[in-house]
């Protein structure tokens, strides 16, 4: 999908990497670092080799203004073992430190933020939270991944005007927040860009414990019994004790070194199901890269031990196919990553996973599709593909030789499927796509398409990105439709929020959102909805790329309340708080409150570091 860590399969991440590989070469970077004076080498390396990308040549690269908000240690780590580690191979440690200190104007330090500064006064830990105590678990909140909270006391069309910020937690050393929280009656569990998992008090936001993982956490956690489960951007899945934060097990889920877990995990009583995507569309833009070897997958792990039970790949094992125009060997099929969290269907003993595009030729029948997998064995029982011949990678937008022959539209399905139930008891599987299309599938007829509806124009940055919501009567659809030059876009753009009839797919109402962006902008500002949408009785909740958080009438789509998150906020933990673009994870409705994250630092969007909690009159 347009993953973002990441990636959007539509936009290639890692400007620094591509700029040097395709323009300067590793050797030149190394020689420049050697020749530069100690005093100015950080500036010289950056200005010569990467400033063009980070000043706007490539949207996917964080802007210099965002980099200045980083802690220098984070830049060093990125060059050492993160997304920029390929470049870091040619740099000495002093070179990396010089670049980091030049960009941030701060000295590298080994000290980290101290938990004691914002820990809870009471040392009494909560008792283990059981599923019955959960108010919002995983990505979709309840079974079906519908992102609908049926029990939302106090939140009505009449009371919503009295919503106020109750408290905000500012993640230390952070410029993006992409991990959606889960909530029990007493606790909030959330991951972070630094890899730290926090257990926060629902009333005050103070920290009961924290657990340090090795890599950024992008998805929502899932609580099963005493196991708090999640995946990370190094392609590993973890279980920690919900009472103490102690690690129970950790498992590398995929053999590819470029594999990542961007979607949310989900679990039943015996297994945790982990979606796997990858960063391979980044090096695929290089003419000398033998594209491509990654296969999307869902991996089932034993919930007690973390041992693999089964792996279900989305494409067959890649084999040599042809050589590119410059003689580089190509491999296929590949790709069809699973960007988002799978959906459990215990009644049919199935797991539904949505896939992205193929990375190389040949395109397969399992890309841009819904795959139904047997919960016991992982066998694929049926496939419904909604866009054919979609093979695409970063070479296509760079006009370099590794672009697949199909040069597809890049119409990933980046949102989880929703298993909804109509008034007559008939169930439908609802999916949304970057094409701007929404589909209803019949799970009892091997995914036969019941209805389809165009809601947006679609495109590279168009259509449905990270998720919709349904109350089993209407489907609430957020549309991004950020303008791009994608030739596959159809019709008028409709950035905003839309209500469809669940049974027929007919559009009941539209709300193409107003442009509230200033004329002069430091970061990208656009009114479209990329983040997932949520709902409760009477209300729909959505955050925008412009940083606006809005609550709408579920009946007519009118804006009932709005809040600009792109502003400084006083945090409960003493860290400087600031909001930004609301990019992927959506609002969580729990305990009569709304939990929302804000901030994203890639694609020229506005960075931020906040988890905000809203309630009626701040109570």
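The values are calculated or read from the model by the stated rules, or taken from the named source; none is laboratory data. What you see is a predicted model; the values in this text were computed from it and never measured. Counting neighbours? That spans all protein chains shown, and the Cβs are built from the backbone with ideal geometry, glycine included.
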Residue tally, condition assigned to a strand (DSSP E or B), free of Cβ contacts under 8 Å to residues at least 60 places away in the same chain and over 15 Å from residue 541 (Cα atoms), over the range 579-613: 0
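Does residue 563 fit the bill of being in a strand (DSSP E or B) and either in contact with a strand residue (DSSP E or B) (Cβ under 6 Å, 6 or more places away or on another chain) or closer than 25 Å to residue 432 by Cα (or both)? Lay out the reasoning, then the answer.
On the way: in a strand (DSSP E or B): yes; either in contact with a strand residue (DSSP E or B) (Cβ under 6 Å, 6 or more places away or on another chain) or closer than 25 Å to residue 432 by Cα (or both): yes.
Criteria met by residue 563.
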Flag if residue 217 is within 21 Å of residue 146 (Cβ to Cβ) and either without any contact (Cβ under 8 Å) to a residue 12 or more places away in the chain or buried (at least 23 other Cβ atoms within 10 Å of the Cβ) (or both): no
Test: residue 580 is more than 20 Å from residue 603 (Cα to Cα) and surrounded by 23 or more Cβ atoms within 10 Å (Cβ to Cβ): no
Just to be sure I understand, how many residues within the range 279-312 are over 20 Å from the mean Cα position of the chain (by Cα) and under 19 Å from residue 393 (Cα atoms)? 11
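Is at least one residue of the range 519-531 on the phi > 0 side of the Ramachandran plot and out of contact with any helix residue (DSSP H, G or I) (no Cβ under 8 Å at 6 or more places or on another chain)?
First, pick out the residues of the range 519-531 that are on the phi > 0 side of the Ramachandran plot: none.
No, there is no match, as no residue in the range 519-531 is on the phi > 0 side of the Ramachandran plot and out of contact with any helix residue (DSSP H, G or I) (no Cβ under 8 Å at 6 or more places or on another chain).
For the range 359-374, how many residues meet the condition of being buried (at least 19 other Cβ atoms within 10 Å of the Cβ) and in a loop (DSSP other than H, G, I, E, B)? Step through it out loud before you land on a result.
So the first thing to find is which residues in the range 359-374 are buried (at least 19 other Cβ atoms within 10 Å of the Cβ), and the list is 359-361, 363-364, 366-373.
Still in the list and also in a loop (DSSP other than H, G, I, E, B): 359-361, 363-364, 366-368.
The total comes to 8.
Conditions tested, residue by residue: (1) surrounded by fewer than 24 Cβ atoms within 10 Å (Cβ to Cβ); (2) within 20 Å of residue 309 (Cβ to Cβ); (3) modelled with pLDDT of 95 or more; (4) out of contact with any strand residue (DSSP E or B) (no Cβ under 8 Å at 6 or more places or on another chain).
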{"residue": "201", "(1), (2), (3), (4)": "yes, no, yes, no"}
{"residue": "211", "(1), (2), (3), (4)": "yes, no, yes, no"}
{"residue": "250", "(1), (2), (3), (4)": "yes, yes, yes, no"}
{"residue": "269", "(1), (2), (3), (4)": "yes, yes, no, no"}
Residue that is farthest from residue 488 (Cα to Cα) [pool: residues in the range 385-402 that are touching a strand residue (DSSP E or B) at 6+ places or on another chain (Cβ under 9 Å) and crowded, with 24+ Cβ neighbours inside 10 Å]: 402
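Here are some residues: 378, 356. Which one is in a loop (DSSP other than H, G, I, E, B) and either in contact with a helix residue (DSSP H, G or I) (Cβ under 6 Å, 6 or more places away or on another chain) or within 17 Å of residue 416 (Cβ to Cβ) (or both)?
Working: 378 fails: either in contact with a helix residue (DSSP H, G or I) (Cβ under 6 Å, 6 or more places away or on another chain) or within 17 Å of residue 416 (Cβ to Cβ) (or both).
After ruling out the rest, the residue left standing is 356.
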Against the condition crowded, with 19+ Cβ neighbours inside 10 Å and in a strand (DSSP E or B), how does residue 572 come out, does it pass? no
